[in-house]
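Here the structure is laid out as structure tokens; the discussion comes afterwards.
The values are calculated or read from the model by the stated rules, or taken from the named source; none is laboratory data. This one's a predicted model, so the numbers in the text were calculated from it and none came from an experiment. Cβ sites come from the backbone with ideal geometry, for glycine too, and all protein chains shown count toward neighbours.
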Amino acid sequence: MMSHNTPASIKPWVRTVLILPAFIFIAGLFQLAGSLVLGLDPSNFLIAKSPAQDTIGALFTLMGTIVVVGIFRRFIDEESFRSMGFYRRGILNETLLGLGLGALIIATGFVTLVSIHEINWLGLKVEADNIFLGFGLFVLVALTEELLLRGYVLNNLMM
């Protein structure tokens, strides 16, 4: 939550609206850099990417999100990055709980879709590196969403 010394000159809903185009621009620049690092053609969004390329792309998006949220927290909100709820106490338990609940929700959705025949189970091909990269991708995407939406947007709208 914001402290009492938040600048009154910029209303919380205005800050929320302002961060969205800034996020699109800055995260887009980071995604472009990620595409170039990976040797991909940034103008071709339909190109098939490997799990490693998807995960590295998500890492670049997270870096862009950290930059834009950090800029807005420091210079617009005049608050610390940490004030969005990043504290060391209980971080391991909360992280494990979040990962467990997320896995439970995804598994429940999957089982439901299979049971109502919306998707078909064709088989299982276990590749350890793809499982690791898929897990990393989901964690990076979740961190990006939580940081931008719950960390910044929701914090501002709750004022």
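Computed quantities for the displayed model
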{"quantity": "Some residue of region 39-59 being without any contact (Cβ under 8 Å) to a residue 12 or more places away in the chain, of a type in the set (K, R) and either touching a Lys or Arg at 6+ places or on another chain (Cβ under 7 Å) or outside any helix (DSSP H, G or I) (or both)", "calculated": "yes"}
{"quantity": "Boolean, G34 is touching a residue at least 12 places away in the same chain (Cβ under 8 Å) and under 20 Å from T144 (Cα atoms)", "calculated": "yes"}
{"quantity": "Check on S80, surrounded by fewer than 13 Cβ atoms within 10 Å (Cβ to Cβ) and closer than 25 Å to G134 by Cα", "calculated": "no"}
{"quantity": "Of residues in region 83-106 being β-branched (V, I, T) and modelled with pLDDT under 90, the one farthest from G136 (Cα to Cα)", "calculated": "I91"}
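Rundown of residues vs (1) among the hydroxyl-bearing types (S, T, Y); (2) modelled with pLDDT under 90; (3) assigned to a helix (DSSP H, G or I); (4) surrounded by fewer than 11 Cβ atoms within 10 Å (Cβ to Cβ), yes/no style:
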position: N130; (1), (2), (3), (4): no, no, yes, no
position: L137; (1), (2), (3), (4): no, no, yes, no
position: T144; (1), (2), (3), (4): yes, no, yes, no
position: L149; (1), (2), (3), (4): no, no, yes, no
position: N156; (1), (2), (3), (4): no, yes, yes, no
position: M159; (1), (2), (3), (4): no, yes, no, no
